[in-house]
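The values are calculated or read from the model by the stated rules, or taken from the named source; none is laboratory data. Owing to the predicted nature of the structure, the values given are computational and were not obtained by experimental measurement. So basically every Cβ, Gly included, is an ideal-geometry build from the backbone, and we count neighbours across all protein chains shown.
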Amino acid sequence: MSTSSASRQQQRLTLEEKIWWDRRRNDIEQCTGIGGAIGTAAMAAVTSPFPRHIQATIVVGGLLVGGGTGYLYADSKALNRIKDLSASSSLRKQYQQIEVEKKASKVTK
């Protein structure tokens, strides 16, 4: 147990990773809520002629499907964002390497 808690403490998130994580969490909360609301509204409109217990069951199903769809949409947005983040991180590292090489070439001249 102590080794796993020690390894968790050593794994610090960078500022970019923290921002990404917060944006992902907020996107998931928003998209899940919006998707659930849309699913509920759509199913409530469709099931109006059915008995009340069937309506309730279908509306809950619409809530689950809409919420799940919203979650998947937000998660795919976060995946695209992390790809952009890793690409910009790679570009930043390459730029820093070029700057180091320029400074080294100026020193040798």
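For this structure, a couple of remarks:
- Among residues of region 56-83 being modelled with pLDDT under 90 and either of a type in the set (A, V, I, L, M) or farther than 25 Å from Glu17 by Cβ (or both), the one that is surrounded by the most Cβ atoms within 10 Å (Cβ to Cβ) is Ala78.
- Qualifying residue in region 41-57 (condition: under 30 Å from Ser89 (Cβ atoms) and in contact with a helix residue (DSSP H, G or I) (Cβ under 8 Å, 6 or more places away or on another chain)): no
- Condition broken by Arg25, with the remaining ones in (1) of a type outside the set (S, T, N, Q); (2) over 17 Å from Ala78 (Cα atoms); (3) loosely packed, with under 14 Cβ neighbours inside 10 Å; (4) at pLDDT 90 or above satisfied: (2)
- Counted residues, region 27-61 - those being polar (S, T, N, Q), assigned to a loop (DSSP other than H, G, I, E, B) and either free of Cβ contacts under 8 Å to residues at least 12 places away in the same chain or within 29 Å of Asn80 (Cβ to Cβ) (or both): 1
- Just one of (1) among the hydroxyl-bearing types (Ser, Thr, Tyr); (2) at pLDDT below 90; (3) under 14 Å from the mean Cα position of the chain (by Cα) fails for Thr14. It is (3).
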